[in-house]
Amino acid sequence: MYPVHDDDAALLLSLTVAAKRRPAALDEIITALAMAQDGEIPAKSKLMDAFARMGVCGLITEAEGGYTLSAAAQAMMTGQRAKDDSATRLVRLKQQLADFDPKDKHPSIQVTQEQLLTAIQSYRAAQHSPQGKNIQTDKPKSKNSWIPTKELVQGRQHLSSKRRKP
């Protein structure tokens, strides 16, 4: 695969997250794509082209009404380091895509603009709802932590005499 586009690498990275346990629907892919690119979603035409290119190369397959990574793409994604951030993963993935040589021709995956528009609108609607923002934010740390506070440590001095050693 010689011409490598940014959207191809981002699509594969988002499918890695979205289709972890089962084939992912388009709205799940859009949500993962936005998370990988700090809230930015590529244009619908670019996404349609990325789905078609990745399908022809055999990296994305349709299964059970959703989309998932093929065995070749999963092997490519296992080489990614867990400690890297999204930008570093995208750069490494683009390099792997440049080195990838598709062996067979596979059927193209046709995603329509209407399907993408619906998925993007559902993502944006979830952004404005209070429950949708929970997907992309970290849980706040509770103030009640398990680490002993100063009062608990000072309270230890008043232990019974049975526990003290002579």
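Each reported figure results from applying straightforward, stated rules to the coordinates on display, with no laboratory input. Not measured: the values here are computed from a predicted model. Positions of Cβ are generated from backbone atoms using ideal geometry, with glycine treated the same way; all protein chains shown enter the neighbour counts.
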>> Among 25-36, 86-97, how do they line up by average Cβ neighbours within 10 Å per residue, starting with the highest?
In response: 25-36, 86-97
>> What number results when the radius of gyration of region 6-135, computed over Cα atoms, is divided by 2.2 N^0.38 Å?
In response: 1.01
